[in-house]
1. Is it fair to say Asn147 is surrounded by 11 or more Cβ atoms within 10 Å (Cβ to Cβ), under 53 Å from the mean Cα position of the chain (by Cα) and polar (S, T, N, Q)?
2. Yes or no: Asn147 part of a loop (DSSP other than H, G, I, E, B), free of Cβ contacts under 8 Å to residues at least 60 places away in the same chain and not basic (Lys, Arg)?
3. Give all pairs with beta carbons closer than 8 Å in which a residue from segment 119-138 that is over 18 Å from Pro213 (Cβ atoms) meets a residue that is at pLDDT below 80; count only pairs at least 6 apart in sequence or on separate chains.
4. Please list, ordered by residue number, the strands (runs of 3 or more DSSP E) wholly in segment 153-272 having 1 or more residues that are open to solvent by 100 Å² or more (accessible area, probe 1.4 Å) and of a type outside the set (Ser, Thr, Tyr).
5. Only one of Asp108, Asp65, Asp51 is closer than 30 Å to Gly266 by Cα, among the charged types (D, E, K, R) and at pLDDT below 80; which?
6. Looking at segment 236-248, can you tell me whether even one residue there is in contact (Cβ under 8 Å) with a residue 24 or more places away in the chain, among the acidic types (Asp, Glu) and either farther than 30 Å from Tyr127 by Cα or touching a helix residue (DSSP H, G or I) at 6+ places or on another chain (Cβ under 9 Å) (or both)?
7. Filter segment 73-105 for residues that are among the aliphatic types (A, V, I, L, M), modelled with pLDDT under 80 and open to solvent by less than 70 Å² (accessible area, probe 1.4 Å) and give the result.
Amino acid sequence: MEMNDQSIQIQMLAEKFHLFVRDCELKQSPNANSSDNDESKKVNENSGSMDENSMSNGIHENSSDLDHTLPILKKVFDLSTKVQDLKKQHVALTDHVKSTTESFPGLDVLNSIQLIGSEYELLKRKYLDESAERKRLYNEIIELKGNIRVFCRCRPLSESERANGLTSVVNFESTLDNELQVISSDSSKKPFKFDHVFRPEDNQEAVFSQTKPIATSVLDGFNVCIFAYGQTGTGKTFTMEGTPEERGVNYRTLEELFRISKERNGVMKYDL
């Protein structure tokens, strides 16, 4: 008889534990079928009709087991919640990776980029070869003209010189741009030849046009020197520096150096 009572108590506790687990699952899954709820209600009614004394004795005897079981179930439910969160994060990361992968260019685009890169390198080599050839031919022309060239610039008479009745003693041949004649006191003409002769009406731009190629030689790696020589008052400062309205050789040469260095920026780097 005692064994039967103990078996009944164990069965009652097992059913109660089963109901407890079922209730927890229903709380986790609100969309569960209503049939499960009805079944749990029926079991609760049957269990309620049992003898209260035997139920209390069984609960008292097995309370220690439930005390150990409840924290474990709570941990299981917490782990289940964490697993669900991890699944959601996994889905979000998968979607992100998929969208990122789709944003990458296709194989045909990569092949086109690689082909363009190869063509760019080929054109760059050709440009460097042409630049080297241009440099050689250009400086060969400079050497043929003469590594040392002498220009002559004749200034016009000043107002004071004209007021004193002075006249020019320089005679220019209209057909020659590299020769002038100086009229002596006995009216004889003594010729002088230069690489180029600038007449009084020639402006600053005309003077610079003859020295402009030298700026290119500087950036090609050659040492170059430009200087003006003459007596006081002959116009050396005006030729080399000029005025803010009419810049001279110095300023114009610097501007040309910066222009060429900027033009070659993609190939060469210059420090000025």
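The values are calculated or read from the model by the stated rules, or taken from the named source; none is laboratory data. Quick caveat: nothing in here was measured; it's all calculated off a predicted structure. Every residue, glycine among them, receives a Cβ derived from its backbone with ideal geometry; neighbour counts consider all protein chains shown. Please note that ligands, DNA and RNA were not included when accessible areas were found on the heavy atoms of the full protein model with its side chains. Shrake-Rupley method; radii C 1.70, N 1.55, O 1.52, S 1.80 Å.
1. Against the criterion (surrounded by 11 or more Cβ atoms within 10 Å (Cβ to Cβ), under 53 Å from the mean Cα position of the chain (by Cα) and polar (S, T, N, Q)), Asn147 qualifies.
2. For Asn147, the condition - part of a loop (DSSP other than H, G, I, E, B), free of Cβ contacts under 8 Å to residues at least 60 places away in the same chain and not basic (Lys, Arg) - is met.
3. Lys124/Val267; Tyr127/Val267; Leu128/Val267
4. 189-193
5. Asp108
6. Looking for residues that are in contact (Cβ under 8 Å) with a residue 24 or more places away in the chain, among the acidic types (Asp, Glu) and either farther than 30 Å from Tyr127 by Cα or touching a helix residue (DSSP H, G or I) at 6+ places or on another chain (Cβ under 9 Å) (or both), one finds at least one in segment 236-248, hence yes.
7. Leu73
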